[in-house]
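Please find one structure pasted underneath; my questions will follow.
The values are calculated or read from the model by the stated rules, or taken from the named source; none is laboratory data. Quantities reported herein were computed from a predicted structural model and do not represent experimental measurements. Glycine gets a Cβ as well: all are built from the backbone with ideal geometry, and neighbour counts include every protein chain shown.
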Amino acid sequence: MDTRTDAKHALGEPRVLVSRAALLHNARLVRRAVAPRTRVCAILKADAYGHGAAIVADALCHFSDGVRGTGGPAVDALAVASIDEADALPDVAVPVIVFRPVENTFLGRQRLKLDLAIRSDWVLTVCSPAAADDVARVALACGRRASVQVMVDTGMTRSGVCAEGLDDLLRRIGSRPSLRLVGLCTHFSNAETPGHPFTAEQLARFRRCTDIMIDPTDTSITRHAANSAATFFLPESHLDMVRPGIAVYGIDPLGRPCIERALRPALRWAAPLVGIRSVKRGTAVGYGQTWRAPRDTRIGLVPVGYADGYPRCYSDRAVVMLHGRAAPVVGRVSMDLTTIDLADVPQATVGDEVTLLDPDPLSPASVYQLARWADTIPYEVLCRIGPRVKRVAIDPEEPDDARSLLIHR
Ligand SMILES: *Cc1c(COP(=O)(O)O)cnc(C)c1O
């Protein structure tokens with residue numbers, strides 16, 4: 001997929017603008033937080049946390065010197081949740097890991113997908129001997145060796161083989177010549193609470209059960225555990241590789257802006273102001289007439305609604321940014337449209353650009369603030385931004401990006 005064409009097609013429409021420079025800055029911050037020998041695997045699941053996986057993969061792998069095509073990739077690997085997500089990535093020169101465990105291989109299309117994954121040499125995650133057998137069989141049939149990693153459940157109690165079953169699973173993998181074990185990993189449940197004893201406990205369990213299974217000097221097997229939070233708060237967990245997701249997008253894993261870490265949010269959600277209407281004091285706005293103008297004012301219309309992932313609970317609660325001012329969302333957010341009060345933005349005119357999600361971490365419309373209004377975490381705010389909203393890469397500017405830059409200035 002060519003990530004550059006989007007810029008042209010998205011003029012005057014609701015758009016997500018993704019700063020490559022911010023992504024690269026964040027990747028460098030992560031890099032600086034780990035030892036030189038520790039690899040960095042950027043997590044691009046869920047369409048790169050709503051940023052657009054093609055754009056993010058392209059930025060991280062092809063722009064490390066700030067321009068296209070020079071320098072090596074800014075990260076050492078990319079990871080996604082599913083084979084479909086791996087398939088949606090552009091061509092990259094780093095390994096791609098698929099984290100959702102292989103299961104139910106012989107149900108429908110799964111076999112074809114496994115076939116594709118093995119031919120593409122994506123790393124597959126297996127958590128049971130049966131899954132290992134399934135992957136081995138498909139690999140044999142396509143005449144390739146499949147790279148697999150094992151997820152160990154050390155206390156998250158979600159996916160993964162439990163420590164007691166690891167021995168069995170590794171022996172099964174070892175007995176299948178069409179499989180190559182390339183990784184052992186685990187996932188933390190409480191890493192977002194710095195110093196939480198359970199994270200150390202999970203790491204100790206992971207170490208204990210993997211130290212006895214593999215030769216720790218065997219560099220062909222990558223051991224990894226740390227998400228963004230553990231990358232920052234538990235250096236002992238870095239092992240051979242870290243797996244930051246949210247930090248790459250510039251969001252602090254603690255869910256609030258952090259001065260010391262200086263991550264830069266990469267995403268701005270913008271939309272044009274498509275209408276302005278003057279209303280008299282007392283006029284009701286929107287479904288259910290939940291808001292009435294307390295004075296004569298102007299109501300602005302933004303073509304984004306809950307179908308785009310701008311949640312209905314923002315009705316009469318959120319603000320958007322316009323001319324550097326916060327304009328409150330008034331009346332109900334509907335499926336495709338949102339109304340804002342322009343009382344404090346007298347200079348607003350139709351065609352102006354409204355910022356629904358501001359990359360400034362201290363903005364009243366920051367992702368942290370949006371998460372608070374929706375009673376959730378920044379991850380969900382980002383992932384919810386719907387497919388109807390175009391994703392556009394900016395910064396560093398490329399020839400095809402230029403027109404898109406012009407209009408949001
Ligand atoms: C999503 C995910 C990550 C990244 O987590 P962040 O908190 O976004 O850094 C790492 N590892 C696995 C297995 C994941 O599913």
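List the strands (runs of 3 or more DSSP E) that sit entirely inside the stretch 312-364 and contain at least 1 residues that are modelled with pLDDT of 95 or more and over 19 Å from VAL279 (Cα atoms). Spell out how you get there, then give the answer.
Numbers: elements: 319-322, 325-328, 338-341, 353-357.
In the stretch 312-364, 319-322, 325-328, 353-357 are the strands (runs of 3 or more DSSP E) which contain 1 or more residues that are modelled with pLDDT of 95 or more and over 19 Å from VAL279 (Cα atoms).
Please identify the pairs in which a residue from the stretch 165-178 that is at negative phi has its Cβ atom under 9 Å from the Cβ atom of a residue that is hydroxyl-bearing (Ser, Thr, Tyr) and assigned to a helix (DSSP H, G or I), counting only partners at least 6 apart or on another chain.
Taking only residues 6 or more apart or on different chains, the pairs are LEU166/THR210.
Please go through the stretch 142-154 and pick out each residue that is modelled with pLDDT of 95 or more and farther than 20 Å from ALA81 by Cα. Spell out how you get there, then give the answer.
Going residue by residue through the stretch 142-154, those that are modelled with pLDDT of 95 or more are 143-154.
GLY143, ARG144, ARG145, listed by residue number.
Same structure again: Select, from ARG281, ARG298, the only residue that is in a loop (DSSP other than H, G, I, E, B), of a type in the set (D, E, K, R) and surrounded by fewer than 22 Cβ atoms within 10 Å (Cβ to Cβ).
Working: ARG298 fails: in a loop (DSSP other than H, G, I, E, B).
On inspection, the qualifying residue turns out to be ARG281.
For the stretch 108-136, what are the residues that are of a type outside the set (S, T, N, Q), buried (at least 16 other Cβ atoms within 10 Å of the Cβ) and farther than 18 Å from GLU85 by Cα?
CYS127, PRO129, ALA131, ALA132, ASP133, ASP134, VAL135, ALA136
Give the residue that is surrounded by the most Cβ atoms within 10 Å (Cβ to Cβ), with candidates limited to residues of the stretch 200-222 that are within 16 Å of the ligand (Cβ to nearest atom) and within 20 Å of VAL40 (Cα to Cα).
If we take residues in the stretch 200-222 being within 16 Å of the ligand (Cβ to nearest atom) and within 20 Å of VAL40 (Cα to Cα), then PHE206 is surrounded by the most Cβ atoms within 10 Å (Cβ to Cβ).
Next question. Would you point out the residue of the stretch 1-17, among those that are at pLDDT 80 or above and surrounded by fewer than 22 Cβ atoms within 10 Å (Cβ to Cβ), that is nearest to ASP352 (Cα to Cα)? Spell out how you get there, then give the answer.
At the first step, the residues of the stretch 1-17 found to be at pLDDT 80 or above are 12-17.
Among the residues that remain, those that are also surrounded by fewer than 22 Cβ atoms within 10 Å (Cβ to Cβ) are: 12-13.
Values: GLY12: 9, GLU13: 11 Å.
Within the stretch 1-17, the match that is nearest to ASP352 (Cα to Cα) is GLY12.
What do you reckon, is MET213 part of a loop (DSSP other than H, G, I, E, B) and either of a type outside the set (A, V, I, L, M, F, W, C) or more than 29 Å from the chain's Cα centre (by Cα) (or both)? Even if it seems obvious, please write down each step before you answer.
Details: part of a loop (DSSP other than H, G, I, E, B): yes; either of a type outside the set (A, V, I, L, M, F, W, C) or more than 29 Å from the chain's Cα centre (by Cα) (or both): yes.
Judged against the criteria, MET213 is a match.
Also: Among the residues of the stretch 223-274, which ones are within 13 Å of the ligand (Cβ to nearest atom) and not in a loop (DSSP other than H, G, I, E, B)?
HIS224, ALA225, ALA226, SER228, ALA229, ALA230, THR231, PHE232, PHE233, SER237, MET241, VAL242
Any residue in the stretch 161-171 that is out of contact with any Phe, Trp or Tyr (no Cβ under 6 Å at 6 or more places or on another chain), under 14 Å from LEU239 (Cβ atoms) and not small (Gly, Ala, Ser)?
We begin by selecting, within the stretch 161-171, every residue out of contact with any Phe, Trp or Tyr (no Cβ under 6 Å at 6 or more places or on another chain); these are 161-171.
After this cut, where a residue has to be under 14 Å from LEU239 (Cβ atoms) as well, the list is none.
No, every residue in the stretch 161-171 fails to be out of contact with any Phe, Trp or Tyr (no Cβ under 6 Å at 6 or more places or on another chain), under 14 Å from LEU239 (Cβ atoms) and not small (Gly, Ala, Ser).
Do we have any residue at all in the stretch 238-250 that's free of Cβ contacts under 8 Å to residues at least 40 places away in the same chain, under 22 Å from VAL56 (Cβ atoms) and touching a helix residue (DSSP H, G or I) at 6+ places or on another chain (Cβ under 7 Å)? Let's see the steps before the verdict.
Filtering the stretch 238-250 for residues free of Cβ contacts under 8 Å to residues at least 40 places away in the same chain gives none.
Scanning the stretch 238-250, I find no residue that is free of Cβ contacts under 8 Å to residues at least 40 places away in the same chain, under 22 Å from VAL56 (Cβ atoms) and touching a helix residue (DSSP H, G or I) at 6+ places or on another chain (Cβ under 7 Å), so the answer is no.
Let me ask something else. Checking the conditions here, which among ALA88, ALA81 is more than 25 Å from ASP240 (Cα to Cα) and of a type in the set (A, V, I, L, M)?
Numbers: ALA81 fails: more than 25 Å from ASP240 (Cα to Cα).
So the residue among ALA88, ALA81 that is more than 25 Å from ASP240 (Cα to Cα) and of a type in the set (A, V, I, L, M) is ALA88.
For the list (1) under 18 Å from LEU382 (Cα atoms); (2) without any contact (Cβ under 8 Å) to a residue 24 or more places away in the chain, I need the number of the one condition that TYR306 fails.
Every condition holds for TYR306 apart from (2).
Run ARG20 past the list (1) within 16 Å of the ligand (Cβ to nearest atom); (2) buried (at least 24 other Cβ atoms within 10 Å of the Cβ) and report the number of the one that doesn't hold.
Here ARG20 meets the rest and fails (1).
Do you know which residues across the stretch 359-398 are closer than 17 Å to SER315 by Cβ and away from the ligand (no atom under 16 Å from the Cβ)?
The first filter runs over the stretch 359-398 and keeps only residues closer than 17 Å to SER315 by Cβ, leaving 364-365, 369-376, 381, 384.
Scanning the stretch 359-398 gives PRO364, ALA365, GLN369, LEU370, ARG372, TRP373, ALA374, ASP375.
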